[in-house]
1. Placing +1 at every Lys and Arg Cβ and -1 at every Asp and Glu Cβ, with all other atoms neutral, what dipole size does the chain have around its Cα centre, in debye to the nearest 20?
2. Using a Gaussian network model of the chain whose springs link C-alpha atoms within less than 10 Å, name the residue from Thr102, Thr238, Thr310 with the highest mean-square fluctuation.
3. Taking the stretch 3-300 on its own, what percent of its Cα-Cα pair distances exceed 25 Å?
4. Would you work out which of Trp260, Ile278, Ala288 lies farthest towards the positive end of the dipole of the stretch 258-324? Charges go on Cβ: Lys and Arg +1, Asp and Glu -1.
5. Using a Gaussian network model on the chain with a 10 Å cutoff between Cα atoms, which of Gly257, Gly198, Gly188 fluctuates the most?
6. Can you sort Glu262, Glu164, Glu332 from fewest to most other Cβ atoms within 10 Å of each residue's own Cβ?
7. Add +1 for every Lys or Arg and -1 for every Asp or Glu among the other residues with Cβ under 14 Å from the Cβ of Ile61, and state the total.
8. Over the chain, what is the relative contact order in percent, taking alpha-carbon pairs closer than 8 angstrom and at least six residues apart?
Amino acid sequence: MITTVTATRSPHDETGNPPDSAAANTADHTIDKARSIPSLLFHILPFGVFFTGIKNTDLAIFAILYLSRIFFITGFYHRYFSHRSYKMNRIATFAAGFLGTTCVQKGPLWWAAHHRDHHRCSDTENDVHSPIQGFWWSHMGWILAKNTKKTDYDKVKDWARYPELVWLNKYFIVAPILLGIAVFFIGGPSALLFGFFGSTVAVWHATFFINSLAHILGTRRFATDDTSRNFFPLALLTLGEGWHNNHHHLPYSMKSGLYWWEIDITYRVLQVLSWVRIVKHPHMPRPALIASQRIDQGAFDAGTCRVNCTKARLLLSAAVEQNLNESQRITERAFRTIDKDLLALRENLDKLSLQKTDVSSPEPPHETQPQKPARSKSRFQN
Ligand SMILES: [Zn+2]
Ligand SMILES: [Zn+2]
């Protein structure tokens, strides 16, 4: 059975929360240094192939692990756990979650909770990885931040009622360790370094580009209230997720590529899984929705307008703050100068007062004798 998507953006998310409640505190950009160390190691380790050399097996492992794990993220973590664009039974759901954890992008519930936040607050100050907070932050910074560490189970109540998924979310590191060991036994150290660590980093950045580049580069077909864009190279790299503007317009659709030329491998694989009844009840977009809110047909691009206004407001706030800081600096400098002058004035007045005392009264004051008039003196002399 195919379900048609009937709403472009629900005012209430899957958990029933209205958009305003998605108050992810993104103001604090403090990076968690302890959590950043493993990420840094993953980026450095693939360079170990300069010492071990690289074999064809390593390249093959890299390609297999890249393509399969990109699908685990796009097909399972994104389209299933975050958007529920189709249904699976409980065993298949656990298997999908387990496969997703091999991507080392934390557990499925953590991923879905944060992604649902993104759709609720796209490109606002509450967006967990909004590009208006800078490319680095939207690409990777938010993942390493202290305030995004925990899973907000209230935002994934629909999944949190399954204990096996909560366990998987907590012990997400089990599958990557098992995969790393397996790769080592198959291809040795170079396969581990390049095939496993290298492809993991490649999967990371391909995924992260959707949060950063897909809101900056590309074209907009639908007037969504965000800056999402369609970008063909990114769609190839991420097996279909690059049709990000289509996705923001139809978030609950199982397919993001809406026309034959919009290659969407993730959708094709899910389609195959539906033929063997693993994937059921796919949500497909209604033609009326595909034809609605088209910018090329005159729909007002409120998303771009709002984001431009937000950027302008941020710039103005920064300028006002800078001016206030400058004014404060000038005022403080003026006060310091006045204080210095007042001190110098007081010291000079004290000195003057002392000099006056020296000149006018070297001895204690006494009664002054009346002076004889000059005329009397002259008379006496005469
Ligand atoms: Zn987005
Ligand atoms: Zn999404």
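1. 120 debye
2. Thr310
3. Of all Cα-Cα pairs in the stretch 3-300, 48 percent lie more than 25 Å apart.
4. Highest projection toward the positive end goes to Ile278.
5. Gly188
6. Ordered by Cβ neighbours within 10 Å, fewest first: Glu332, Glu164, Glu262.
7. Spelling it out: positives minus negatives among the neighbours equals +1.
8. 22 percent.
Read-outs: derived from the displayed coordinates by stated rules, not from any lab. It should be emphasised that the depicted structure is a prediction, and the values quoted were computed from it without experimental measurement. Virtual Cβ from ideal backbone geometry, glycine too; neighbours counted across all protein chains shown.
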